Amino acid sequence: MIASLDLKVFDYWTDKLLLHTETLMDVSIGNGLSGHAIYFYSIYKNKGAESEKELFFSTLDRIIFLIESAQIKNSFIIQVTEVLFLLEFTRDLVEQRYDISVLVKQLSEVIDASAVELMNSENYDPYVGCFYPGYYFQQSDFFWRRSFKFVDLIIEKTKYIDNKRIIGYFDSRFEVGKVALGITHGMAFYILYLVNSIGHGYNNTSLITVLRSYISFMFNIQNDYSKVGCFFSDFYQSTTVSRLSLCYGDLGVLYALLRASRILGDQVLEGKIWKMLNITLKRRTIDSSGISSFNLLYGSTGIYLFSQHLRMFDDNDMLNDNLVYWKWRANKDISTFMNQIVESEFYPKNTTMFSFNEGVTGALAAVACGNDKFIHKLGKLFYLN
């Protein structure tokens, strides 16, 4: 029985992951080989073992082969964009064997062309549409200027609702009453995108006006926390309780607003957001938080990652207490699950368990190498930049 997250846990999961990797044709981070590569990278960084380093490179070789042989069929733009994130994430190791500048340039040209096609088809979703490669460009050390055309698109597509509120209206799925608010598919993402563009020095006279209107809109539709149990639901004009998670609900929205308050130098707004974060991060029971898993997207490890990232903004008793709790919770939740499968010699038939975003792989990577530099890079994959 494994009493804690020691090296035996990682060795056990590595063996199981290799069996899954052999037949996998997906190169994404979320559900594919790039997520496995980040796992091997994090274990190598933690243990310094050459075996994990070789597993990383063999996985990367397979990823490149699948792309070059045109075997990527589904969700092409997501998969290739996430390979680019992988290369940026693991640059220090990749450069030992590859000319990374050539790989990045080739793949960047591919997703840039795909993004233009998605713009023309009016698919503006932050994850499955043109803004996902746009987000990559914004985070890239080499291609961030390409992201400015996406800023212009946000400004162009901003529309009025009820002649009062201004809201991003990007996708036919997001009709009035169905406008997503979270950081993965909705308003919080666009706020963050505008903030990052200001940080890059993009000069557009309408940018600040639109950003302020988005902030105003979010606070105008804020829930009464005492009645609903969360500050922001998943959709505009909804009062359902959103789960406490890395990519949906309060945390993503408040993170985007926190970044906006910083870039605008609005200390009153920043103070208000810190108070809201302090309240919502205390949703620790299953009933209040909706958290019953350990994974990155929807579980305790994601909140732990968010808490570590939040500490980069400030260092106070509230954040320290929050980090201690979610670190304990994430380790407890992962340990409980791993103990069960090791004791029963259970082999997960549900491939979601191998997922980086929703399974064991990403959760173990997050707790394996928890220094600030690694956390900062990992946070970029979930819009915490």
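The values are calculated or read from the model by the stated rules, or taken from the named source; none is laboratory data. Note that the coordinates shown come from a computational prediction; the quantities given were computed from them, not determined experimentally. No Cβ is skipped: glycine too gets one built from the backbone with ideal geometry, and neighbour counts run over all protein chains shown. Quick note on the areas: whole protein, heavy atoms, side chains included, nothing else; ligands and nucleic acids left out. Shrake-Rupley method; radii C 1.70, N 1.55, O 1.52, S 1.80 Å.
Roughly how compact is the chain, stated as its Cα Rg over 2.2 N^0.38 Å to two decimals?
Here the answer is 0.97, to two decimals.
In nm, what is the difference between 0.36 nm times the number of residues separating ILE279 and LEU264 and their Cα-Cα distance?
Contour length minus the Cα-Cα distance gives 3.0 nm.
Apply 1/(1 + (r/R0)^6) to the Cβ-Cβ distance of ASP112 and PHE219, taking R0 = 30 Å, and write down the FRET efficiency to the nearest 0.05.
Efficiency at R0 = 30 Å is approximately 0.25.
Select from the chain the helices, each a whole stretch of DSSP H, whose alpha-carbon atoms run 24 Å or more along the helix axis and whose Kyte-Doolittle mean is at least 0.5; answer none if there are none.
100-120
In Å², what does the accessible area per residue of the chain work out to with a 1.4 Å probe?
About 42 Å² of surface per residue is accessible.
Under the rule a/c < 1.5 gives rounded, and otherwise a/b versus b/c splits prolate from oblate, where does region 184-262 land using the Cα gyration tensor?
Prolate.
Kindly provide the helix-only [θ] at 222 nm of the chain, computed as the sum of -39,500 (n - 2.57) over DSSP H runs of four or more divided by all residues, to the nearest 500 deg cm²/dmol?
Taken over the chain, the calculation gives -18500 deg cm²/dmol.
Quick one: if the Förster radius is 30 Å, what FRET efficiency do SER121 and MET312 give, using the C-beta to C-beta distance and rounding to 0.05? Walk me through the numbers before you get to the answer.
On the way: r = 37 Å, r/R0 = 1.24.
My answer for the efficiency is 0.20.
Kirkwood Rh over alpha-carbon pairs of region 269-383, then Stokes-Einstein at 4 °C and 1.567 mPa s: what D in µm² s⁻¹, rounded to an integer?
Result for D is 87 µm²/s.
How long are the semi-axes of the equivalent ellipsoid of region 1-118, defined as square roots of 5 times the Cα gyration tensor eigenvalues? Whole Å, largest first.
Gyration-tensor ellipsoid for region 1-118: 27, 16, 12 Å.
Please list the radius of gyration and Dmax for region 190-326, considering alpha-carbon atoms only, with Å as the unit.
Calculated on Cα positions, Rg and Dmax stand at 15.0, 45 Å.
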